[in-house]
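The values are calculated or read from the model by the stated rules, or taken from the named source; none is laboratory data. Fair warning: this is a prediction, and the values are worked out from it, not measured in the lab. Here the Cβ is made from the backbone with ideal geometry for all residues, glycine too, and neighbour counts use every protein chain on show. Calculation scope for accessible area: heavy atoms of the full protein, side chains included, ligands and nucleic acids excluded. Shrake-Rupley method; radii C 1.70, N 1.55, O 1.52, S 1.80 Å.
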Amino acid sequence: MSTALDSLLDLLDLEQIERDIFRGTSRSAVIPRVFGGQVAAQALVAAGRTVPGDGTTGSDPSSGQGLAVPAAHSLHAYFLRPGDPGAPIVYDVDRIRDGRSFTTRRVVAVQHGQPIFHLSASFQRYEEGLEHQAPMLPAPDPETLPTAEEMLPRYADRFSDPGVVDRLIEARAAVDLRYVDEPPFATVGQPREPRSQVWFRTNGKLDDDPLLHVCMATYVSDMTLLDSVLLAHGRGGWAVGDVVGASLDHAMWFHRPFRADEWLLYDQESPSASGGRGLGQARIYTRDGRLAITVIQEGVVRVPR
């Protein structure tokens, strides 16, 4: 396990300070606020730790069958205020419902006495049912693509602050994330089809707790989803400084078991941008082509005047 992944796992290991109240810390980010994927992942950790059960840890998340504990199957979240990376975040969990098949939780993340994030999550016990899925689009093998350490320095001249490249590499050190095509900051001023694909996996093996793999995918899901909005307009992105952006809401549906320490294809597109907002939607597939997750996110996307 890499040191960066070990640090991220510590970040997701929340401190329980009351029966349904948890506290988390933050890590440094490229932008001067808490990374949205971190808050969403920590909130899902808090929700999951209040779900009753006996035996999730130690089972293989790639199988899913026979789990005694309800597994996360969806989340819906709103980003309300920018998070302060220098202050702890308190997660207050509301046990909405404990049903025979489904369990529902609501989580409010609080800093400085104000809510900064709201999450609703639903968990379901495994059961058999109808099966179909959208097929995975073609993509090159991830091993043939450059790593962040190999790719980012090529575009150092795109950033006004030369330290951004090092901060980007550090921020993504826990995750091996590889672009299938060039990222937005590589083709500034050249509008492209609003589609983007990346492969990702953690930089090291994870325990078999399915909740951990779901939370790790939630963390990564906020890294590149709105890239496709930028591609349509030839904008370089948040780090380049030609747009101002922030996540507004985020939804995920977990369809099939997966492991976040094995390659996953994040196939992203943007169907619309208007009113200072951009919409991204995506499907996440396992390497063998199983549709594991659907993601939809809307964010503020403003062009500075």
Given (1) of a type outside the set (G, A, S); (2) out of contact with any strand residue (DSSP E or B) (no Cβ under 9 Å at 6 or more places or on another chain); (3) within 30 Å of D94 (Cα to Cα), where does L168 come up short, assuming only one miss?
(3)
Taking the stated definitions as given, is A273 farther than 28 Å from H213 by Cα and small (G, A, S)?
yes
Could you grab me the full set of residues in region 143-173 that are open to solvent by 90 Å² or more (accessible area, probe 1.4 Å) and of a type in the set (G, A, S)?
S160
Within region 243-278, which residues are open to solvent by 50 Å² or more (accessible area, probe 1.4 Å) and in a strand (DSSP E or B)?
V244, L248, W253, E269, P271, S272, A273, S274, R277
Filter region 102-134 down to the residues that are of a type in the set (S, T, Y) and either open to solvent by less than 50 Å² (accessible area, probe 1.4 Å) or within 30 Å of P82 (Cα to Cα) (or both) and list them by number.
T103, T104, S120, S122
Evaluate the following for D176: is it over 19 Å from F254 (Cβ atoms) and open to solvent by 10 Å² or more (accessible area, probe 1.4 Å)?
yes
Quick test for you: out of D181, D208, pick the one residue that is in contact with an Asp or Glu (Cβ under 8 Å, 6 or more places away or on another chain), open to solvent by 40 Å² or more (accessible area, probe 1.4 Å) and assigned to a loop (DSSP other than H, G, I, E, B).
D208
For region 184-205, give me each residue that is aliphatic (A, V, I, L, M) and part of a helix (DSSP H, G or I).
A186
Can you name the condition, by its number, that V90 falls short on among (1) farther than 20 Å from M252 by Cβ; (2) of a type in the set (A, V, I, L, M); (3) modelled with pLDDT under 95?
(3)
